[in-house]
Amino acid sequence: MKSIYQTMNRKYDVIVVGGGPTGSTAARICAKSGLSTLLVEEQAHIGYPVQCAGLLSNSAFTECEVSDSSVLNIVSGADVLAGKAMCSFDAGRDMAYVVDRGALDHEMITASADAGADIRLKTIASGVSRTSRSLYLKGLYGKEQIEYSMLIAADGPRSSISRMIGIPRAPVYLSGLQCDVACSTPTEHVRIFPNAAPDFFGWMIPIHPERTRIGLCGIHQVQELFQKFIQPYKKACTHFVSGTIPLGTLTRTYDDRILIAGDAAAMAKPTSGGGVYTGIRAARHAARVATEAIEQNDYSIQKMKTYEHSWKADFGHEIRKGFYMYTIRQQVSIQDMERIIEILADPKIREIISKKGDIDRPSHLITSLMQNPLMIPAWYLMGKSWLKTLI
């Protein structure tokens, strides 16, 4: 490969592959720490094509460290609908931001450049050599071989870096379809439809009073379910996107001088599919470990492993518990889901959810609900579904 690829005159302390929120955050922090940093992004335009519902919790939006210029709407609650059953939750305060992901991602990568990171757009990572600690690139600058001290892979659900170094794929991949629709809708609540996609759920996210994002995620018959779901709005569709959500995390998120973060490490939340919060949290841990490794000249596997210990201590238990709930959800019938929503509609239960609901860290809410006697019928239905997972 050396005879084909041009070797640059300098090597970088850190190369980050992937220009989404995870990669941008890692690159910005590394550059601000004084490390020579290169961020590589395969797309020519940051944030496009959009592959996200664009609904960020308060915590996720705060982690992005951006202005409100990308915010299209702010919601305070949710309506969950299954058949004739419906329950509504309203926290009485701002709970989530509906954003323009293209604008958000562009602001974040601009912050990386402002911090001193070099940016390469329309450039793909075509190979990695752990022996020479080099990344092979193809793009606007032709074919290049660039050396690194640390490599952070934030290159999305189908991560080429993790594949190149032989780390097995995530256990589950969801397919998502979404369109923007011109229709009147209340702007205060997101609407969730568990039975629209029995493998996961469907959604309606208000962008403003005259426009809504409608989509769903699942594993089986996603296209057919999506067409059925949007049937009433087909003539009003103005924008269409698709995406992939990996669930379950990788068996290992580190290698020799390589750290894997965000969707590349399947860190999406199994309860909602969102990956911005966990991705940015992982990016912070990855940037810290990369900085320490370079400053201490310690590139041992033990040092790399501290990255995995850090993110697992931060939010790993939420992903683990969420994935457990996800596997149970696969066995919940349409009829049982409707009954569960009826139980959740009890005013006392809704009050608990409104007070303790946290999109990013739902385990506290689940614990509170488990302790409430009103939830016994719901736990019976969930337990019945859990038994199916053992068969």
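The values are calculated or read from the model by the stated rules, or taken from the named source; none is laboratory data. Since the model is a prediction, treat every value here as computed from it, not as a measurement. Neighbour counts run over all protein chains shown; Cβ positions are idealised from the backbone, glycine included. Side chains are part of the model used for accessible areas, which takes the heavy atoms of the whole protein and leaves out ligands, DNA and RNA. Shrake-Rupley method; radii C 1.70, N 1.55, O 1.52, S 1.80 Å.
So here's what we get for this one:
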| item | result |
| --- | --- |
| Members of region 233-272 that are of a type in the set (Ser, Thr, Tyr), open to solvent by 10 Å² or more (accessible area, probe 1.4 Å) and assigned to a loop (DSSP other than H, G, I, E, B) | THR249, THR251, THR271, SER272 |
| Any pair with Cβ under 6 angstrom, 6 or more apart, that starts in region 51-73 at a residue that is surrounded by 18 or more Cβ atoms within 10 Å (Cβ to Cβ) and ends at one that is at pLDDT below 95 and of a type in the set (Ser, Thr, Tyr) | ASN73/THR187 |
| Tally, over region 350-381, of residues that are open to solvent by less than 30 Å² (accessible area, probe 1.4 Å) and touching a residue at least 40 places away in the same chain (Cβ under 8 Å) | 7 |
| Residue satisfying condition, being of a type in the set (Val, Ile, Thr) and in a strand (DSSP E or B), within set VAL66, VAL16 | VAL16 |
| Test set (1) open to solvent by 20 Å² or more (accessible area, probe 1.4 Å); (2) farther than 22 Å from HIS189 by Cβ; (3) among the β-branched types (Val, Ile, Thr) - VAL332 fails condition number | (1) |
| Some residue of region 222-232 being open to solvent by 40 Å² or more (accessible area, probe 1.4 Å) and under 23 Å from PHE315 (Cα atoms) | no |
| Condition broken by LYS384, with the remaining ones in (1) surrounded by fewer than 14 Cβ atoms within 10 Å (Cβ to Cβ); (2) at pLDDT below 80 satisfied | (1) |
| Qualifying residue in region 304-323 (condition: more than 22 Å from TYR254 (Cβ to Cβ) and surrounded by fewer than 21 Cβ atoms within 10 Å (Cβ to Cβ)) | yes |
| Cross-chain or 6+ apart pairs with Cβ under 6 Å, region 205-222 first and among the small types (Gly, Ala, Ser), then buried (at least 19 other Cβ atoms within 10 Å of the Cβ) | GLY215/LEU177; GLY215/GLN178; GLY215/TRP203; GLY218/ALA197; GLY218/PHE200 |
| The one condition in (1) surrounded by fewer than 23 Cβ atoms within 10 Å (Cβ to Cβ); (2) within 19 Å of the chain's Cα centre (by Cα) that GLU41 fails to fulfil | (1) |
| Pairs with Cβ under 8 Å, 6+ apart, first in region 84-104 and open to solvent by 40 Å² or more (accessible area, probe 1.4 Å), second modelled with pLDDT of 90 or more and of a type in the set (Phe, Trp, Tyr) | TYR97/PHE61 |
| Filtered residue count, region 148-192, keeping only those that are in a strand (DSSP E or B) and either touching a Lys or Arg at 6+ places or on another chain (Cβ under 7 Å) or surrounded by 18 or more Cβ atoms within 10 Å (Cβ to Cβ) (or both) | 20 |
| Hits in region 21-45 - residues which are outside any helix (DSSP H, G or I) and either at pLDDT 95 or above or under 12 Å from ARG120 (Cβ atoms) (or both) | SER33, GLY34, LEU35, SER36, THR37, LEU38, LEU39, VAL40, GLU41, GLU42, GLN43, ALA44 |
| Residue satisfying condition, being open to solvent by less than 30 Å² (accessible area, probe 1.4 Å), under 18 Å from ARG361 (Cα atoms) and among the β-branched types (Val, Ile, Thr), within set THR291, THR278 | THR278 |
| Residue count for region 200-221, restricted to those that are closer than 14 Å to TYR173 by Cα, crowded, with 20+ Cβ neighbours inside 10 Å and over 17 Å from the mean Cα position of the chain (by Cα) | 0 |
| Some residue of region 336-347 being open to solvent by 20 Å² or more (accessible area, probe 1.4 Å) and β-branched (Val, Ile, Thr) | no |
| Lone qualifier among SER333, SER300 - being within 21 Å of ASN195 (Cβ to Cβ) and among the small types (Gly, Ala, Ser) | SER333 |
